[in-house]
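The values are calculated or read from the model by the stated rules, or taken from the named source; none is laboratory data. Just so it is clear, the model here is predicted, and its values are computed rather than measured. Positions of Cβ are generated from backbone atoms using ideal geometry, with glycine treated the same way; all protein chains shown enter the neighbour counts. Just so you know, the surface numbers come from the protein's heavy atoms only, side chains and all, with ligands and any DNA or RNA stripped out. Shrake-Rupley method; radii C 1.70, N 1.55, O 1.52, S 1.80 Å.
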Amino acid sequence: MTRRIGFLGLAVWILASIGALAQGAVVGLSLSTLNNPFFVALRDGALQAAQKAGIRLIVLDAQDRVDKQVADIEDLIQRRVRVLLVNPTDSAAVVPAIQRANRAGIPVITVDRAAAGGQIAFHIASDNVAGGRMAAEYICQQLLKGRGKVVELEGIPGTSAARDRGQGFNAYLKEKCPGITVVARQTANFDRAQGLSVMENILQAQREIDAVFAHNDEMALGALQAIKASGRKIPVVGFDATPDAVKAVQACEMAATVAQQPQEMGRIAVEKAVELIRGTKPPAKTQFIPVPLKLVTNSACKW
Amino acid sequence: MLWARFGPSLLSRYGLLWALGFLILALSLLSPYFLSTANLLNVLRQVSINAILALGMTVVILKGGIDLSVGSLLALAGALAAGFALSGFPPPLAMGLGVGIAVALGTLQGLLVAYAGLPPFIVTLAGLTAFRGLTLVYTDGRPITGLPDPFLFLGNGTLLGIPVPVMVMLSFLLLTHFLLQNTALGRYLYAIGGNEEAARLSGVPVARIKVFAYAYSGLAAGLAALVLTGRLNSAQPTAGTGFELDAIAAAVVGGTSLAGGRGTAWGTFLGALIIGVLNNGMNLLNVSSFYQLIAKGAVIVLALLVDRLVRRR
């Protein structure tokens, strides 16, 4: 029996040794999820910048679980990272963990989503409200010429990205585009499979749909599948400009996607962290560093 | 005296203690950050929610059932407690109401299993879906924030240098241990899990004990909800997603048999600790998060294999 327990110890040892190779990191990055190309791009941008600056980066993935993120951040604090980069799963839930980092004297930089409290040196993000407005403006002015019926696929309820994009989108329609009505507004949780099934249901219920706005590209691509299968042709506007979505826009399958630049976000976050490590004092109040958005369209397509 | 009470069950779980020991030894050697009081308290605090849920789950599994609803029930109880507190109830009453409703909904599921004869898997699967829906309706999909201090204290405070969530977890562990080992109720649970028909024939009030098991799991979900709400300084509509599987994993790694009739509170606690220590260690060592999932799966299977081999002797 002792030998068998020895086996278990050995196995654990080997697993742990894989990680030991990566020791010596100084900056921690706690991401909400890596099960989404957007955050993978963010991580890649951060890793490249870290390599260039000659620092080590520990990347932890909260798998979209608020409680895991709190634990991840606590672990990074125990690991004594010099700067903490956080991409919150939820603005409010992350606050106690950030306060713990503050107490440990570790400067905190938030990326993409903001935190609702704690001391944050920099907040690096694109303006999601502006992005939502951008999508609404495109649908209203370019696609539908001010009149039509629109479906909105919402992100995970309660996330600030879903709130802000929806807010910008609907505010624009209300203020500038009274001829457009949102005939269906459903959540598909930022998920492609759910985007597919939710859109299938909406297609059953709505005979007339002139355009779809999805809070992210994963849902947009899912919706696109549903629309293709139904044999209808409806322009879809997504958000994030993931590689798949950009390809779909180039192929005239999707009308547009609002491009955030996650790789830039990761890069800027690490560069700010490096500044802090090299002795720059963190600003007294959180400094917002906007990462520009742009609309990706294809003028060769006819909608 | 403590040893007389807890020693034997600890010894019977020595396979797990060895596994945990090796894990701690390996991590201490590999990471200079692992073996510090601050980090060990950190691990205990992180483990507390899963351990509480897993203890409730153990009671249900012991009698041959399963409770898939705990994650959603946790979200609902947390949201209700937070909502009550914000609408003017004194915080302790709001917390009590949240936990009370979790116990009531657990009882309801128990009634459906015990008296309507529905399969536990289906009843609690329905609970998992319905309670999540209720939570989203109640919160309108938004987190509830701005909670009064007692919530924060439950999640992030310390008492005599020990984090409050750890205190809650240890109290619940002792309660569950006492219940299982020192009361007739506990023995009945084992009896039902071992052979329900035999238990019935020997006069065990099977239906009532079953209802109790689900109510107890509801209590665990309620307590865990208070800790999590405090830890997150907010009640999250999506809180607790997937927690039921973590709780089942902790119970099973801890030697609880999914067939019922076998398992202890201490074993489950050790199971939760092994999973928690592993998560913490891999984070400290910067193991890629994708490999972390594989390692977690491997450890669950390894722990089961070791357990099986130890028992075969």
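Within the bounds of the range A:202-219, is there any residue that is more than 14 Å from chain B (Cβ to nearest Cβ), touching a Pro at 6+ places or on another chain (Cβ under 9 Å) and open to solvent by 10 Å² or more (accessible area, probe 1.4 Å)?
Yes, the range A:202-219 contains at least one residue that is more than 14 Å from chain B (Cβ to nearest Cβ), touching a Pro at 6+ places or on another chain (Cβ under 9 Å) and open to solvent by 10 Å² or more (accessible area, probe 1.4 Å).
Quick grid of which residues meet (1) within 14 Å of chain B (Cβ to nearest Cβ); (2) open to solvent by less than 10 Å² (accessible area, probe 1.4 Å); (3) under 24 Å from residue A:256 (Cα atoms); (4) in contact with a helix residue (DSSP H, G or I) (Cβ under 9 Å, 6 or more places away or on another chain):
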| site | (1), (2), (3), (4) |
| --- | --- |
| A:102 | yes, no, no, no |
| A:114 | yes, no, no, yes |
| A:133 | no, no, yes, yes |
| A:145 | no, no, yes, no |
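Looking at B:197, B:244, can you tell me which residue is open to solvent by 10 Å² or more (accessible area, probe 1.4 Å) and within 14 Å of another protein chain (Cβ to nearest Cβ)?
B:244
Out of all the residues in the range A:80-92, which are surrounded by fewer than 24 Cβ atoms within 10 Å (Cβ to Cβ) and at the interface with chain B (Cβ under 10 Å from one of its Cβ atoms)?
Selection gives A:80, A:91.
Within the range A:156-247, which strands (runs of 3 or more DSSP E) (wholly inside it) include 1 or more residues that are of a type in the set (Ser, Thr, Tyr), farther than 30 Å from residue A:115 by Cβ and in contact (Cβ under 8 Å) with a residue 24 or more places away in the chain?
A:180-187
In the range A:253-303, how many residues are without any contact (Cβ under 8 Å) to a residue 12 or more places away in the chain and not in a loop (DSSP other than H, G, I, E, B)?
Of the residues in that region, 1 qualify.
Taking interchain pairs and intrachain pairs at least six residues apart, which have beta carbon atoms under 6 angstrom, with the first residue in the range A:95-107 and of a type in the set (Gly, Ala, Ser) and the second open to solvent by 10 Å² or more (accessible area, probe 1.4 Å)?
Taking only residues 6 or more apart or on different chains, the pairs are A:101/A:77; A:104/A:77.
Assess whether residue A:137 counts as being of a type outside the set (Lys, Arg) and at pLDDT 95 or above.
It is true that residue A:137 is of a type outside the set (Lys, Arg) and at pLDDT 95 or above.
Give me the pairs, please: first residue somewhere in the range B:206-223 and in contact (Cβ under 8 Å) with a residue 40 or more places away in the chain, second residue anywhere and crowded, with 21+ Cβ neighbours inside 10 Å and of a type in the set (Lys, Arg), beta-carbon distance under 7 Å, and either six or more positions apart or on two chains.
From residues that are in contact (Cβ under 8 Å) with a residue 40 or more places away in the chain, the pairs are B:209/B:63; B:210/B:63; B:213/B:63.
Tally time: how many residues in the range B:15-32 are within 8 Å of chain A (Cβ to nearest Cβ) and closer than 14 Å to residue B:279 by Cα?
4
From the residues in the range B:299-313 that are more than 7 Å from chain A (Cβ to nearest Cβ) and open to solvent by 20 Å² or more (accessible area, probe 1.4 Å), which one is farthest from residue A:28 (Cα to Cα)?
Only one residue fits best here, namely B:312.
Looking at (1) over 24 Å from residue A:42 (Cα atoms); (2) at pLDDT 95 or above, which is the only condition residue A:238 fails?
(1)
When the range B:276-296 is examined, which residues are found to be open to solvent by 20 Å² or more (accessible area, probe 1.4 Å) and in a helix (DSSP H, G or I)?
The answer is B:279, B:290, B:291, B:293, B:294, B:296.
Out of the range B:64-102, which residues are polar (S, T, N, Q) and at pLDDT below 95?
B:87, the sole residue that qualifies.
When the range A:45-55 is examined, which residues are found to be more than 14 Å from residue A:30 (Cα to Cα) and out of contact with any Lys or Arg (no Cβ under 6 Å at 6 or more places or on another chain)?
A:48, A:50, A:51, A:52, A:53, A:54, A:55 - these are the residues of the range A:45-55 that are more than 14 Å from residue A:30 (Cα to Cα) and out of contact with any Lys or Arg (no Cβ under 6 Å at 6 or more places or on another chain).
Among the residues of the range A:233-256, are any polar (S, T, N, Q), assigned by TED's automatic domain parsing to the domain that holds residue A:121, under 22 Å from the mean Cα position of the chain (by Cα) and within 25 Å of residue A:168 (Cα to Cα)?
No, because not a single residue in the range A:233-256 is polar (S, T, N, Q), assigned by TED's automatic domain parsing to the domain that holds residue A:121, under 22 Å from the mean Cα position of the chain (by Cα) and within 25 Å of residue A:168 (Cα to Cα).
Check off (1) within 13 Å of chain A (Cβ to nearest Cβ); (2) open to solvent by 40 Å² or more (accessible area, probe 1.4 Å) for residue B:259 and give me the number that stays unchecked.
(1)
Select from the range A:85-94 the residues that are without any contact (Cβ under 8 Å) to a residue 60 or more places away in the chain, in contact with a Leu (Cβ under 6 Å, 6 or more places away or on another chain) and either farther than 15 Å from residue A:46 by Cα or not in a loop (DSSP other than H, G, I, E, B) (or both) and list them in ascending order.
The answer is A:93, and nothing else.
Hey, among the residues in the range A:41-66 that are open to solvent by 30 Å² or more (accessible area, probe 1.4 Å) and under 22 Å from residue A:159 (Cα atoms), which one's farthest from the other protein chains (Cβ to nearest Cβ)?
This residue is A:43.
I'm trying to understand the selection: among the residues of the range B:112-126, which are more than 19 Å from the chain's Cα centre (by Cα), in a helix (DSSP H, G or I) and surrounded by fewer than 17 Cβ atoms within 10 Å (Cβ to Cβ)?
Matches in the range B:112-126: B:122, B:126.
Only one residue in A:60, A:34 is under 22 Å from residue B:278 (Cβ atoms), modelled with pLDDT of 90 or more, part of a loop (DSSP other than H, G, I, E, B) and in contact with a helix residue (DSSP H, G or I) (Cβ under 7 Å, 6 or more places away or on another chain), so which one is that?
Selected residue: A:34, the only one of A:60, A:34 that is under 22 Å from residue B:278 (Cβ atoms), modelled with pLDDT of 90 or more, part of a loop (DSSP other than H, G, I, E, B) and in contact with a helix residue (DSSP H, G or I) (Cβ under 7 Å, 6 or more places away or on another chain).
Do we have residue A:175 as under 19 Å from residue A:255 (Cα atoms) and loosely packed, with under 14 Cβ neighbours inside 10 Å here?
Here the answer is no, as residue A:175 does not meet what is asked.
Criterion first (in a helix (DSSP H, G or I) and away from chain A (no Cβ under 13 Å)) does residue B:226 satisfy it?
yes
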